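Engineer: After the C-alpha cells below, expect a handful of questions from me.
A short reminder: the numbers here are calculations on the coordinates, not readings from a lab. Fair warning: this is a prediction, and the values are worked out from it, not measured in the lab. Every residue, glycine as well, gets a Cβ built from its backbone with ideal geometry; the counts of neighbours run over all protein chains shown.
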Amino acid sequence: MAASATLHCLTGCAIGEIVGLIIGTAAGLGTATTVAISVTLAFLFGYALSTLPLLKAGLAVGTALSLVLAADTLSILTMEIVDNLVMVVIPGAMDAGLVNPKFWISMMIALAVAFLAAFPLNRYLLQRGKGHALTHHHHHGSSAGSSRPWIPAFSSGALAAVIVAFMLGGLLVSVAADTSDPDVSHSADRLER
C-alpha cells in the first residue's frame with residue numbers, strides 16, 4: 001500500500017513538473033519561476049490523482065479534497081524537496097532544457113530518489129493510521145458499483161507505465177533532436193532559453 005501511495009504521488013509530481021517546465025520553457029521564464037510553476041503543478045496533479053478515486057467512491061468534492069490534503073501533503077512535499085535537490089546537485093541538469101538527454105536522465109534519477117525518500121515516510125504514516133490510511137477504506141467503495149462510474153480509475157501498474165513511457169518518450173525525442181541536424185538542435189536550444 002505504501003508503494004502504491006508513493007507511486008500515485010510520484011505520478012502527479014512527474015506530470016506537474018514536466019508541464020511546468022514546458023510552460024516555463026515556452027514562455028522564456030527564468031529557472032526560479034519555472035521551478036515555482038513546476039512545484040505548484042506537481043502538488044495540483046498529485047492531489048488530483050489522489051482525489052479521483054475518492055470522488056469515484058461517492059465522496060463530496062470538499063470531503064475528498066480535505067482527506068487528500070491531509071493524506072498527501074507530506075509525501076508530495078518530500079518528493080518535491082528531494083527531486084529538486086537532486087536536480088540542483090546534478091551538474092547542468094537545471095539548465096539542460098527539454099530537448100537535452102541530460103535533462104531526461106537527470107529527471108529519471110531525481111524521481112527515483114524522490115520515490116525512495118517518500119516511500120518510508122508513506123509506510124510510516126500508514127502504520128500509524130495517517131497519510132493514505134485516511135483515504136484507503138474509501139477506495140474499496142470505488143468498485144463496479146461506484147456511484148460515479150464515469151470517473152477514471154488508475155491502477156498502480158498503469159501509473160508506473162505512464163511514468164516510464166513519458167520519461168522514455170522525452171529521452172528518445174531529446175536524443176533524436178541531439179543527433180539530428182546541428183542547426184535544428186541549436187535552434188531548439190535557443191528556443192528553450
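Engineer: Between Rg and the Kirkwood Rh of region 57-116, both from Cα atoms, what is the Rg to Rh ratio?
Structural biologist: 1.20
Engineer: Return a whole-number percent for the relative contact order of region 1-83, with Cα pairs under 8 Å and 6 or more residues apart as the contact set.
Structural biologist: Reported as a whole number, the value is 35 percent.
Engineer: Can you tell me which of 86-92, 55-61, 151-157, 2-8 comes out highest on packing, and rank the rest after it, using the mean Cβ neighbours within 10 Å?
Structural biologist: Those peptides, ordered most packed to least, come out 2-8, 55-61, 86-92, 151-157.
Engineer: Can you give me the pair-distance distribution of region 1-62, C-alpha pairs, 5 Å bins, whole percents?
Structural biologist: All Cα pairs considered, the percentages come to 4, 20, 21, 18, 16, 10, 7, 3, 0.
Engineer: Regarding region 5-126, what are the three Cα extents along the principal axes, ordered largest first, in Å?
Structural biologist: Over region 5-126, Cα extents along the principal axes are 44, 31, 19 Å.
Engineer: A follow-up question, please. Extending each Cα 7 Å along its Cβ direction at A153 and A27, get the distance between those two points in nm, one decimal.
Structural biologist: 3.7 nm
Engineer: Kirkwood Rh over Cα pairs of region 31-87 into Stokes-Einstein at 10 °C, 1.306 mPa s: D in µm²/s?
Structural biologist: This corresponds to a translational diffusion coefficient of 131 µm²/s.
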